[in-house]
1. Magnitude of the Cβ-charge dipole of the chain, K/R +1 and D/E -1, about the Cα centre, nearest 20 debye?
2. Could you check the spin-label model distance between Ser53 and Glu244? Points 7 Å from the Cα along Cα→Cβ, value in nm.
3. In Å, what Kirkwood hydrodynamic radius results for segment 169-267 from the alpha-carbon pair distances?
4. From the square roots a ≥ b ≥ c of the eigenvalues of the alpha-carbon gyration tensor of the chain, which class results: rounded (a/c under 1.5), prolate (a/b over b/c), or oblate?
5. So who's got an amide H within less than 5 Å of the one on Met252, skipping anything under 5 residues away but keeping other chains? H placed 1.01 Å off N, in plane.
6. At what distance in angstrom do the alpha carbon centres of segment 53-77 and segment 1-26 lie from each other?
7. Compute for segment 135-227: radius of gyration divided by Kirkwood radius, i.e. Rg/Rh, restricted to C-alpha atoms, rounded to two decimals.
8. Give, as ranges by residue number, the residues of segment 219-233 whose backbone N falls under 19 Å from the point 7 Å along Cα→Cβ of Glu63.
Amino acid sequence: MPLTPPIASTTPAGAFERLLTIMDDLRLNCPWDKKQTLESLRHLTIEEVYELSDAILSGDMPEIKKELGDVMLHLVFYARIGSETNDFNITDVLNGICDKLVNRHPHIYADVDVQNEDDVKRNWEQIKLKEGNKSVLGGVPASLPALIKASRIQEKARGIGFDWEEKSKVWAKVEEELQEFKDEFNVEDETTIDHERAESEFGDLLFSLINYARFININPEDALEKTNRKFIKRFQYLETKANENGQQLQNMSLAEMDVYWNEAKKL
């Protein structure tokens, strides 16, 4: 006999309860859902978060709503698995994040005064240290992509006051790192280039650029992704135009390809 699905609700609590009920049904009756573990869901969750990120960058609100639902399903799935081993359940998860938010916002739920968001971030990091974190940087996941990790490291350091005071000095650091990177290749005999040192200097240059981006309120991850998308769009235009004219990119000169590329830029 098929199960009767729970009806839709018009309240947040009711809708959440509906999802929990469906999750229980799937876990008990669906062969695929019954097999899943925390580990097997991990890579799928990462994929869902990236799909949400894509939707946000595209400004596609219906898609954002859909992807938020997918992410919510994964959170409920993890909590259901945790309840089966008596390690935690969805109530523990929700109360845990509520307790943390209350504790981390003493300017809302206690008598701490703050003047701006920098004070809030500074308090946040100090509270985390009191909670047992051994390092301000301890909360930065080791598996984060390097670009995002650099941003988070800098934000964490800023939270306790370790930061540049003036934007001009940050840009001077960018120019300094750029020159040091160029110096690694400014040699008469290219066979003597130390690529390990060059790689290190390039990393320093990227780190300083990310730092400057933070000072001018640019998210480097978003900025680079938008450039990636722009390049893909223009390159695919180039491919389309070449195909329409019976040309193959590998047989075209750079000057010929530039004609289509410049057309794409104008579009």
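Rule-based calculations on the coordinates, nothing more; no lab input. All of these numbers come straight from a predicted model, not from anything done at the bench. Reconstructed Cβ throughout: ideal geometry from the backbone, glycine too, with neighbour counts over all protein chains shown.
1. Once rounded to the nearest 20, the dipole reads 1040 debye.
2. Between Ser53 and Glu244, the label points sit 3.4 nm apart.
3. Value: 16.6 Å, from the Cα pair sum.
4. Here the chain falls in the oblate category.
5. Those lying under 5 Å, H to H, from Met252: there are none.
6. 19 Å
7. Working: Rg = 15.0 Å, Rh = 14.6 Å.
Ratio value, two decimals: 1.03.
8. In segment 219-233, the label zone of Glu63 (backbone N under 19 Å from the point 7 Å along Cα→Cβ) covers 221-233.
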